[in-house]
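K.L.:
Submitted below is the structure of interest, expressed as structure tokens.
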Amino acid sequence: WPADVDLRRMVRSFQLLEPTLTHVKAAIPAEASQQMPSALPAGSCQFVGIDSGIGAVVPCGSEVTERSQGAKDAAAQGEPIGLERLALDTSAVLRLYHYSFNLSADQFLQEQEKGLAGQVKAEKVSGKSMSYKRNDKREISVDGISGTRIWATGKDKKTHGDISLQLLTVSTGMDHFSIVFSSGLDYARDHSDDIEKIFTSVHLFPLRPESSM
């Protein structure tokens with residue numbers, strides 16, 4: 001044991017450090033929860049992304065499987081400055097991304113769809129790549145901001161390993177948001193109302209969270 005004087009000095013030096021997540025939560029404006037729907041549809045719960053800055057109504061029981069902030073140079077590298085991944089079901093995944101760089105809304109949409117198509121084609125089913133097909137594209141409004149919503153499918157003709165994809169992109173200034181929903185085709189058909197609730201309930205909170213270790 002150290003001498004009494006060293007022990008007292010050590011005790012006096014103790015510090016309580018807040019977890020990183022605390023700083024991020026503190027960055028969420030109080031009005032964020034107020035802007036979320038107060039009367040939730042049956043079987044739905046409110047979700048406010050503390051890293052992505054994206055809120056939505058999702059099925060209750062959805063599990064957050066990934067939540068992170070990008071490195072300091074994420075914006076310069078064109079990588080997300082915040083992201084969240086939710087598992088709504090064993091075959092349904094919702095991914096929320098927040099980027100910050102100087103692109104137009106159209107350029108951001110093109111980059112996001114190009115990346116999505118690349119991921120689909122890189123996925124191997126029975127050793128073969130899947131094909132990507134955009135089925136529909138619509139202009140929508142999110143919190144009064146113009147956004148674009150795309151429906152697409154990934155298909156393997158031999159195994160019928162079809163997947164359903166939806167992409168929503170919204171841009172405001174240098175803040176760009178991307179919401180990607182992917183699932184098996186059967187899930188998309190059986191839960192079309194739930195998927196619609198998610199996309200029509202999206203709210204944006206450009207937090208630019210900064211946290212320190």
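K.L.:
Mind checking which residues of the stretch 155-171 are farther than 15 Å from R95 by Cβ and either modelled with pLDDT of 90 or more or under 14 Å from the mean Cα position of the chain (by Cα) (or both)? Give the steps one after another, and end with the answer.
P.N.:
Taking the stretch 155-171 as the starting set, the residues that turn out to be farther than 15 Å from R95 by Cβ are 155-162, 171.
The one that is farther than 15 Å from R95 by Cβ and either modelled with pLDDT of 90 or more or under 14 Å from the mean Cα position of the chain (by Cα) (or both): S171.
K.L.:
Specify the residue that is nearest to the chain's Cα centre (by Cα); the eligible residues are those in the stretch 172-190 that are within 17 Å of A117 (Cα to Cα) and polar (S, T, N, Q).
P.N.:
S178
K.L.:
Here's something else I'd like to know. Are any of the residues in the stretch 63-70 outside any strand (DSSP E or B), open to solvent by 90 Å² or more (accessible area, probe 1.4 Å) and more than 23 Å from H176 (Cβ to Cβ)?
P.N.:
no
K.L.:
Looking at (1) exposed (fewer than 15 other Cβ atoms within 10 Å of the Cβ); (2) within 28 Å of G53 (Cβ to Cβ), find the lone condition where R189 falls short.
P.N.:
(2)
K.L.:
Is it the case that some residue within the stretch 107-122 is open to solvent by 40 Å² or more (accessible area, probe 1.4 Å), in contact (Cβ under 8 Å) with a residue 40 or more places away in the chain and of a type outside the set (A, V, I, L, M)?
P.N.:
Among the residues of the stretch 107-122, not one is open to solvent by 40 Å² or more (accessible area, probe 1.4 Å), in contact (Cβ under 8 Å) with a residue 40 or more places away in the chain and of a type outside the set (A, V, I, L, M), which makes the answer no.
The values are calculated or read from the model by the stated rules, or taken from the named source; none is laboratory data. As the structure is a computational prediction, the values presented were derived from the model and not from experiment. Quick reminder, even Gly has a Cβ in these numbers, built from the backbone with ideal geometry, and neighbours come from all protein chains shown. What goes into the accessible areas is simple: the full protein's heavy atoms, side chains included, and nothing from ligands, DNA or RNA. Shrake-Rupley method; radii C 1.70, N 1.55, O 1.52, S 1.80 Å.
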